[in-house]
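The values are calculated or read from the model by the stated rules, or taken from the named source; none is laboratory data. Quick caveat, the model's predicted, so the values are computed rather than measured. Reconstructed Cβ throughout: ideal geometry from the backbone, glycine too, with neighbour counts over all protein chains shown. Each accessible area value is taken on the protein alone, full model and side chains, heavy atoms only, with ligands, DNA and RNA left out. Shrake-Rupley method; radii C 1.70, N 1.55, O 1.52, S 1.80 Å.
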Amino acid sequence: MKKSIRAFASLALALAAFSQSAFAVVYPLPPANSRLVGENIEITIPQESKLPLEAFAAQYQMGLSNMLEANPGIDVYLPQPGRKMIVPQQLILPDAPREGIVINSAEMRLYYYPKGSKNVVVLPIGIGELGKDTPINWTTSVQRKKDGPTWTPTKAMHAEYAARGENLPEVFPAGPDNPMGLYALYIGRLYAIHGTNANFGIGLRVSHGCVRLRADDIKWLFDNVPVGTRVQFIDQPVKATIEPDGSRYVEVHNPLSTTEEQFTSREPVPITLTAAVSKVVTDASVSQDQVNNAIQNRTGMPVKVNGVADNVQTAPIPVQEMPGAEPKEEPMTPVTPQGANVTDPDAATSQPATPGAAPITNENSVQQTSAPQPAAAGDNNS
């Protein structure tokens, strides 16, 4: 009976996720002793499709990194019509308190646990470029919110763009052309969670350290996240869980490069298992071949690594294309400045900074050996 109920709930979740009107993927929270949620979806790219991968990622509330990991070899600019494509909506909740906002740069997802709710809202994000990394291992809070933020490039940003033969305005006024988008949540006194004026880049390293979201997502966060909400940055490229029935799962993402050499190399970035993950995968019931395959494949999806009887649906649920269900193509401007590394203009003297868009790579998650500490307020951290 439990298996039937769970299967029905999984199908309902899949159909809800298929709806274009869904602003996010919302999961009912599992019990405290469980961290596995959701189900993967399998769709077929329409035969007449001429849309880029970003259009499908946006339709199903995924980042490009999530889609690239789950569908190795897929063309980011024109996925092959008729091809089956997995939407990775099954995941392991991060190993962090289920409170406020949790940002896992490693998987380029933001988790929001609304106070008093039994749900978690999961949103895809863009993060900092190599050398301009989004903070990790840092707990802060939402200091203030701004409807219609402005963006003032720092002197360092002007110099960076001038070296490329480009000029930046002294100030980007609030509005649809602002690289910070239409809404911003200032966290600490140096960074922000904000929108963008271009959809391209969610699930990529594109900012100067800030967290960027699609327009509908940041609007929802702005409307629903109170000032003072706890915000925790973490770096977990590998997550693992022991479920109540004894099943053990690992979810492995591609760690992001931490050096230029790693960034330009074709070799995968090494993965180091944390003590918490090692505790899950070193049990006698676990198949080390399954663990090794998960680490090698890095699909960004939970993989069961032991032989305990499973009541959880793991195969993708096929979702039929419906008339008019194909995603709409949105403007994509990869050369437009994206994201921002900001100092709260009402709290310190230095101003927001934002980078140019990064090239597309299959570098989809972050692993850092040492956590960069957020600069003090007023520092020109660009």
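Annotation: amide H of LEU29 within the under-5 Å range of ASN119, VAL120, sequence separation 5 or more or interchain, hydrogens built in the peptide plane.
A DSSP coil position with no more than 14 other Cβ atoms inside 10 Å describes the following GluC sites (Glu not before Pro) in the stretch 110-189: GLU166, GLU170.
On a per residue basis, the stretch 150-289 carries 42 Å² of accessible surface, using protein heavy atoms and a 1.4 Å probe. Note on the stretch 229-310: with charges restricted to the Cβ of Lys and Arg (+1) and Asp and Glu (-1), its dipole about the Cα centre is near 140 debye. Overall size of the stretch 71-184 from C-alpha positions, given as principal axis extents largest first: 43, 43, 28 Å. Of the trypsin sites (Lys or Arg not before Pro) found in the stretch 159-246, those in coil by DSSP whose Cβ has at most 16 other Cβ atoms within 10 Å are ARG164. 3J(HN,Hα) along the stretch 39-53: 9, 6, 10, 10, 10, 10, 5, x, 4, 8, 5, 10, 8, x, 4 Hz, from the Karplus curve 6.51 cos²θ - 1.76 cosθ + 1.60 with θ = phi - 60°, whole Hz, x for Gly and Pro.
Heavy-atom surface analysis with a 1.4 Å probe gives the stretch 195-258 a carbon and sulfur content of 48 percent of its accessible area.
Pairs from the table (LYS145/LYS304; LYS115/LYS155; LYS115/LYS219; LYS118/LYS145; LYS118/LYS219) lying more than 29 angstrom apart at Cα are LYS145/LYS304; LYS115/LYS155. In sequence order, the stretch 100-106 has phi-based couplings of x, 10, 10, 10, 9, 4, 4 Hz under the Karplus curve 6.51 cos²θ - 1.76 cosθ + 1.60, θ = phi - 60°, and Gly or Pro positions carry x.
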